[in-house]
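See structure below.
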Amino acid sequence: MHDATAIILAAGLSRRMGERNKLLLPINGVPMIRHMVDVYSTVTQTPILVVTGHQADVVEACLEGCDVQTVYNPEYETGQQTSVVCGLRAAKGSAPMLIGLGDQPSLTADDLEALLGAHNAADPTRISIPMREGRRGNPIVVPAALRNRLLEDPRSPGCKTFTRTHPEHVQFHPLQSTGYYADVDTPEAYNALAAHQLKEVT
């Protein structure tokens, strides 16, 4: 278990999934968002922060009994960076923040361990980002000491702009697992994932 604060972004509108909220779709018999909380719970010893927005009451109901703290983002319709800001503001203490997405069901506990291990073995004062063939992955690890820096730009707070304009505060780790780079945005992506799970079971 690591001394890290996990923040899972679960506020989006899920537009590309159509009428269904992707975070409520079943993964291994439980709603996707609960599956993600279960995975993150294996590596951190503190309650997980889940940033909600779209259908917040339903998402929260899925997490009943989990060791989580939900944080509602009233600006969730304006984009993911507002959810990142909510999570950063809600996180307390000096532990690094493991910021991830609620729609990465291929991500495993081993993937999280590998990322946190790489972060601690490199420069823990920098933001750690998985990288494969030039593509950035999620989650990322953000040192608590950089929290205020990520919030100081009122035009573009959060991680995306900061990590691109301040490379001196960023380190990339060559992590190959598909889990870092695969999210579920469309019915086709979900159906492919469900078919793969069924194949594994049979």
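Quick one: with all protein chains in place, what share of the accessible area of the range 36-155 is carbon or sulfur, to the nearest percent (1.4 Å probe)? Numbers along the way, then the final one.
Details: 2530 of 5460 Å².
With neighbouring chains kept in place, the figure for the range 36-155 is 46 percent.
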Along the Cα→Cβ direction, 7 angstrom out, place labels at Asp38 and Arg149. What is the inter-label distance in nm? 3.8
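Any idea what the dipole of the range 104-202 comes to, in debye rounded to 20, about its Cα centre with Lys/Arg Cβ at +1 and Asp/Glu Cβ at -1? Don't skip to the end; give the middle numbers.
On the way: 10 positive and 12 negative charges, 70 e Å.
My answer is approximately 340 debye.
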Stick to Cα atoms and the Kirkwood definition of Rh, then tell me Rg/Rh for the range 64-131. 0.98
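Given Cβ point charges of +1 (Lys, Arg) and -1 (Asp, Glu) and nothing else, what value in debye, to the nearest 20, does the dipole of the chain about its Cα centre take? Let's see the in-between values first.
Working: 17 positive and 22 negative charges, 102 e Å.
For this selection, approximately 500 debye.
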Could you tell me how far the Cα centroid of the range 80-146 sits from the Cα centroid of the range 32-62, in Å? 15
Return the equivalent ellipsoid semi-axes of the range 2-62 as a descending list in whole Å, where each equals the square root of 5 times an eigenvalue of the C-alpha gyration tensor. 22, 13, 9
Theoretical gain in end-to-end length, Ala61 to Asp185 [0.36 nm per residue, Cα-Cα removed]: 42.5 nm
Kirkwood hydrodynamic radius (Cα pairs, Å) of the range 32-103? 12.6
Mean accessible surface per residue for the range 29-105, computed with a 1.4 Å probe while every protein chain stays in place, in Å²: 42
Considering only DSSP beta bridges where both residues belong to the chain, give the percentage that are antiparallel (nearest 5). 30
Subtract the Cα-Cα distance of Val30 and Leu13 from 0.36 nm times their separation in residues, and report this length gain in nm to one decimal. 4.1 nm
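Tell me the Kirkwood radius of the range 121-173: reciprocal of the mean inverse pair distance over distinct alpha-carbon atoms, in Å.
On the way: mean 1/r = 0.0871 Å⁻¹.
Here the Kirkwood hydrodynamic radius works out to 11.5 Å.
State, as an integer percentage, the relative contact order of the range 1-98 based on alpha-carbon contacts under 8 Å between residues 6 or more apart. Don't skip to the end; give the middle numbers.
Details: 167 pairs, mean separation 36.5, N = 98.
Result for the range 1-98 is 37 percent.
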Comparing Glu64, Glu133, Glu188 in a Gaussian network model of the chain (Cα, 10 Å), the one with the largest mean-square fluctuation is Glu133
Two-decimal ratio, the chain, of alpha-carbon radius of gyration to 2.2 N^0.38 Å: 0.97
From the C-alpha gyration tensor of the range 103-202, square roots of 5λ in Å: 29, 16, 11
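The values are calculated or read from the model by the stated rules, or taken from the named source; none is laboratory data. Just so you know, these numbers come straight off a predicted model, no measurement behind them. When we count neighbours, we look across all protein chains shown, and the Cβ atoms used for this are built from the backbone with ideal geometry, even at glycine. In case anyone asks, the SASA skips ligands and DNA or RNA and just uses the protein heavy atoms, side chains included. Shrake-Rupley method; radii C 1.70, N 1.55, O 1.52, S 1.80 Å.
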